[in-house]
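Here the structure comes first, spelled out in C-alpha cells, and everything after it is commentary.
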Amino acid sequence: MSGLATLLVLADGRLPSGGHAHSSGLEAAVVAGRVADLDSLAGFLTGRLATGGRTAAAFAAAAAAGAAAAAAGAAAAAAGAAAAAAAGARAEAADDAATRLDALDEGLDARTPSPALRRASRTQGRALLRAGRGIWAMPTDGRRDRHQPVALGAVAAAAGLGPADAALAAAYGLVTGPASAAVRLLGLDPYAVHGLLARLAPQIDAVAAETATMAGWPVDELPAGSAPVPEVDAEHHATWEVRLFAS
C-alpha cells in the first residue's frame, strides 16, 4: 500500500463524488424481484465483484499506472534538464498519459453495451475528477468526461497511490455502493449488510491483487466481465419517471 490513510479517504463513501446517488444496478434488480433479502443481495454482490468489479479494478489499476508513469517522467525531466527542454518533456509526458487514459476509456466503452450504463459511468467519472482536482494537485489533461474506473485511477495516482490501491478502491466501491443502497431500498439491517461485506472482504482483496498485476497490460487484454441482465436492467431503469437512484 502506498498510503493507507489516503486510500481510506479515496474509498470513503462520503467523498463528495456523487457515488451515493447510484445503486450500481441494484434498484432495478430489487424492483424486478431478483434481490429481496440478505441472501439474494449476497448473490448480487458476488456477481458484481466477479464481472464489473474485476473489470473496473483492472482499468483503475491501469489508469493509475499510466498517470503515475507520466508524472514521474515529467518530474525527472524537470529535475534534470533546462527549463525549455523540461517543459517539453512535461508536455510529452502529459500527452502520453492522456493517450493511455483515452485508450482505457475507449476500452470501457467497448465493454459496456448499455448506453445508460456508459452515461452513468461517465457521470460518476466527472464528479470524481472534480473532487480529485479539489483535493489533490491533479494535472489537467483537458478531459472532464472519463469513465469512473479511469477517473479513479487518475485520482489515485494524483493522491500518490499505486495501481494496487486503485484496484482495491474500485473493487471495494463496486460492492459497498450497492450494499449501501440495499439498506435504503429494502430496509435491511445495516449490521447484517456490513457483516456480509466483511465476509466478502477476502474476495475483494483477491480481485484487487489479481487485477493490480494487469496494470501494464494492453487495453485489449484487460478483463471484459459480462453481465447481460444488469445491462438490460439499466436501459429499463433509465426510462423510469420515479426512481431513488440515478443508476
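Readers should treat all values here as calculations from the given coordinates under stated rules, not as data from a laboratory. Source: prediction; values computed, not measured. No Cβ is skipped: glycine too gets one built from the backbone with ideal geometry, and neighbour counts run over all protein chains shown.
Assorted remarks:
- Residues Leu38 and Arg119, FRET efficiency given R0 of 25 Å [Cβ-Cβ distance, rounded to 0.05]: 0.25
- Segment Leu244..Leu197, full-extension length gain: 14.7 nm, with 0.36 nm per residue of separation and the alpha-carbon distance subtracted.
- For the pair Ser226 and Ala50, label points projected 7 Å from Cα toward Cβ lie 1.5 nm apart.
- Net +/- balance of residues flanking Ala56 in space, Cβ distance below 11 Å, scoring K and R +1, D and E -1: +3
- Order of Arg100, Arg144 - criterion: other Cβ atoms within 10 Å of each residue's Cβ, fewest first: Arg144, Arg100
- Charge tally for Ala208 (other residues, Cβ to Cβ under 13 Å; Lys, Arg +1; Asp, Glu -1): -2.
- Using only side-chain charges placed at the Cβ, +1 for Lys and Arg and -1 for Asp and Glu, the dipole size of region 4-237 relative to its Cα centre rounds to 540 debye.
- Simple spin-label estimate for Asp145 and Leu8 in nanometres, 7 Å along Cα-Cβ: 3.8 nm
- For mean projected area of the Cα convex hull in nm², the candidate list reads (1) 19.7; (2) 14.5; (3) 12.8; the entry that matches the value derived from this model is (3).
- Extension gain, Ala137 to Glu235: 0.36 nm times the residue separation minus the Cα-Cα distance gives 31.6 nm.
- Spatial separation of Cα centroids for region 183-247 and region 1-45, in angstrom: 7 Å
- For region 191-198, backbone phi angles converted through the Karplus equation (6.51, -1.76, 1.60; θ = phi - 60°) give residue-by-residue couplings of 5, 5, 5, 6, x, 4, 4, 5 Hz, Gly and Pro being listed as x.
- MRE, 222 nm, helices only [DSSP H, n ≥ 4, -39500 (n - 2.57), over the chain, to nearest 500]: -23000 deg cm²/dmol
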